[in-house]
Amino acid sequence: MNNPRIEERFRQPGINWARRLVDEYAFSLEGIPEMIRIRFYQVLGETWIEAEQSHYLQTPGMRVPEVSDTQRYRSMEDALDDVLSGFLDGYAAAVKQGRRPDINWLLPNRDFV
């Protein structure tokens, strides 16, 4: 729930990029025991949702890790669908090629603290 009185306190000179944690979820991919976390934030004074993830997927054969084109979404559901599809599509393609799931497929996001 947005609280305009709280949000107003962040609208001061010197304060930038104020956002509120909306929710956090964790999951793992089958065969990979590492937990992956996704956090959802709402930028104060805006309507969109930002998503951050603890790891990125890079399976063998992928030139670069799977990273979403955007981190701003109309809703948490849009954000979750985008992030999960990145993990699931890359995971499924690697398994289909005969690869065994491996913890090394997950690259930690150093900015996720």
Within the stretch 25-41, residues being in contact with a Lys or Arg (Cβ under 8 Å, 6 or more places away or on another chain) and surrounded by 18 or more Cβ atoms within 10 Å (Cβ to Cβ) number 1
Subset of the stretch 42-70, residues in contact with a Lys or Arg (Cβ under 9 Å, 6 or more places away or on another chain) and surrounded by fewer than 15 Cβ atoms within 10 Å (Cβ to Cβ), comes to VAL43, GLY45, GLU46, THR47, PRO60, GLY61
Checked pairs for the stretch 96-113, first without any contact (Cβ under 8 Å) to a residue 24 or more places away in the chain and assigned to a helix (DSSP H, G or I), second surrounded by 10 or more Cβ atoms within 10 Å (Cβ to Cβ) and not β-branched (Val, Ile, Thr), C-beta under 9 Å and 6 or more apart or across chains, list as ASN104/GLN58; ASN104/PRO60
Within the stretch 71-93, the residues that are of a type in the set (Asp, Glu) and either touching a residue at least 40 places away in the same chain (Cβ under 8 Å) or surrounded by fewer than 13 Cβ atoms within 10 Å (Cβ to Cβ) (or both) are GLU77, ASP81, ASP89
Within the stretch 61-95, the residues that are within 12 Å of ALA51 (Cβ to Cβ), assigned to a helix (DSSP H, G or I) and not hydrophobic (A, V, I, L, M, F, W, C) are GLU77, ASP78, ASP81, ASP82, GLY86
Considering residues that are under 16 Å from LEU84 (Cα atoms), in contact with a Leu (Cβ under 9 Å, 6 or more places away or on another chain) and assigned to a strand (DSSP E or B), the number found within the stretch 11-58 is 10
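Every number here is computed from the coordinates shown, using simple stated rules; none is lab data. Remember, predicted model here, so these are calculated numbers, not experimental data. Here the Cβ is made from the backbone with ideal geometry for all residues, glycine too, and neighbour counts use every protein chain on show.
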